[in-house]
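The values are calculated or read from the model by the stated rules, or taken from the named source; none is laboratory data. Please read these numbers as outputs of a predicted model, since none were measured by experiment. Counting neighbours? That spans all protein chains shown, and the Cβs are built from the backbone with ideal geometry, glycine included. Surface accessibility is based on the protein's heavy atoms, side chains included, excluding ligands, DNA and RNA. Shrake-Rupley method; radii C 1.70, N 1.55, O 1.52, S 1.80 Å.
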Amino acid sequence: MFRFEDPIYLYLLVLIPVLVLIHFLMLRRQRQRLRKFGDPELVRQLMPDVSRFRPLVKFWLLLGALALLIVVLARPQFGNKISHEKRNGIETIICMDISNSMLAEDVAPSRLDRSKMMVENLVDHFTNDKIGLIVFAGDAFVQLPITSDYVSAKMFLSSITPAMIATQGTDIAAAINMASHSFTQEENIGKAIIVITDGEDHEGGALEAAKDAKEKGMNTYVLGVGSPNGAPIPTGNGDYMKDNAGQTVMSALNEQMCRQLADAGSGAYIHVENNSNAQEQLDNELDKLSKKETSSTIYSDFDEQFQAVAIIVLLLLILEVCILEIKNPMLKRVSLFKRNAKYKTKNIE
């Protein structure tokens with residue numbers, strides 16, 4: 001199994017296209033300046049030692065080295081040891097609301113960040129259980145298939161933002177329906193669907209979805225995040241979201257909806273005000289579910305692979321230093337191509 005230990009550094013790769021664009025604009029500006037001196041072909045003849053291609057090659061070598069250096073920082077790893085373990089636990093699918101309303105800051109630092117902290121605490125308390133992760137807004141998709149690899153669960157958790165789903169809204173029913181089809185085929189094992197939301201169900205059908213999941217043997221638990229008093233939704237530019245009338249949108253925790261959903265799913269509703277208290281309540285509820293011994297296959301040991309990438313970076317930098325920006329005077333008489341039958345040589349770059 002391949003993974004990055006610190007994948008957050010991969011966001012630095014966005015610098016690559018930015019640098020390419022800047023370099024292109026600089027070359028364009030340089031050509032415009034040269035045209036002011038006269039005909040471009042004549043100017044090139046007046047500068048016989050200037051190479052058009054060597055600076056470009058050096059630029060791409062540096063750019064490649066920078067990209068690979070970012071990969072080194074992300075610490076690529078390969079799993080080299082597979083463990084087959086017997087675990088006595090339950091299966092849990094977490095459905096996390098990532099709609100824009102979860103950006104409200106009525107709980108610090110925000111509803112979404114508090115939800116992430118809650119899930120991270122939940123994962124830390126798991127020992128023999130399997131976990132999966134679904135994110136939803138106006139649509140839902142599986143962020144992490146059900147697994148016993150808690151390290152991967154935390155890694156996927158860190159990258160969650162509302163921008164992951166273009167369709168805004170809150171379709172809790174879609175998340176529960178997807179969760180009910182994401183468990184393993186194991187029988188006689190407790191299966192829990194944990195919905196983390198502020199209860200703003202825009203699409204409807206959530207109660208019916210929870211009842212259907214209950215009939216299949218899956219309990220639905222709801223963690224309500226936010227304040228019933230409501231809070232504005234930040235837009236990220238120092239302002240708050242407004243409606244069509246120009247009024248600031250206030251998003252409030254719908255506790256009634258959350259309780260109804262938990263009742264329909266034969267689970268429990270927990271208001272997340274303090275992570276430790278909510279975690280204790282959730283652990284008590286999950287302990288009531290039946291546990292079963294299952295077999296899990298996980299990678300328990302990973303080897304660092306950054307050394308090979310670092311060697312390539314070093315080679316690229318050495319090559320970049322060895323290439324001169326001007327034509328090499330020692331190679332002026334060397335010709336790789338014959339111009340005519342008399343084998344006249346021409347200078348090469």
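In region 133-148, the condition of being closer than 20 Å to P7 by Cβ, among the small types (G, A, S) and free of Cβ contacts under 8 Å to residues at least 60 places away in the same chain is met by no residue. Residue count for region 90-111 satisfying the condition of being under 18 Å from the mean Cα position of the chain (by Cα) and open to solvent by 10 Å² or more (accessible area, probe 1.4 Å): 2. Going through (1) open to solvent by 50 Å² or more (accessible area, probe 1.4 Å); (2) modelled with pLDDT of 80 or more; (3) not small (G, A, S) one by one, V313 falls short only on (1). You will find that of D106, D124, the residue that is acidic (D, E), modelled with pLDDT under 90 and not in a strand (DSSP E or B) is D124 and no other. Checked against the criterion of being open to solvent by less than 50 Å² (accessible area, probe 1.4 Å) and modelled with pLDDT of 90 or more, the candidates I22, I16 yield just one match: I16.
Within the set of pairs 6+ apart or on separate chains, which have a first residue in region 114-127 that is in contact (Cβ under 8 Å) with a residue 60 or more places away in the chain, a second that is acidic (D, E), and C-beta atoms under 9 Å apart? Cβ pairs passing all conditions: S115/D97; L122/D283; H125/D283. Among the residues here, F136 qualifies as crowded, with 24+ Cβ neighbours inside 10 Å and within 20 Å of the chain's Cα centre (by Cα). When region 72-89 is limited to residues that are open to solvent by less than 30 Å² (accessible area, probe 1.4 Å) and of a type outside the set (D, E, K, R), the one that is modelled with the lowest pLDDT turns out to be S83. Does any residue of region 330-342 turn out to be open to solvent by less than 80 Å² (accessible area, probe 1.4 Å) and at pLDDT 55 or above? No, region 330-342 contains no residue that is open to solvent by less than 80 Å² (accessible area, probe 1.4 Å) and at pLDDT 55 or above.
Scanning region 152-173 for residues that are in a helix (DSSP H, G or I) and either more than 26 Å from F126 (Cα to Cα) or without any contact (Cβ under 8 Å) to a residue 60 or more places away in the chain (or both) returns A153, K154, F156, L157, P162, A163, M164, A173.
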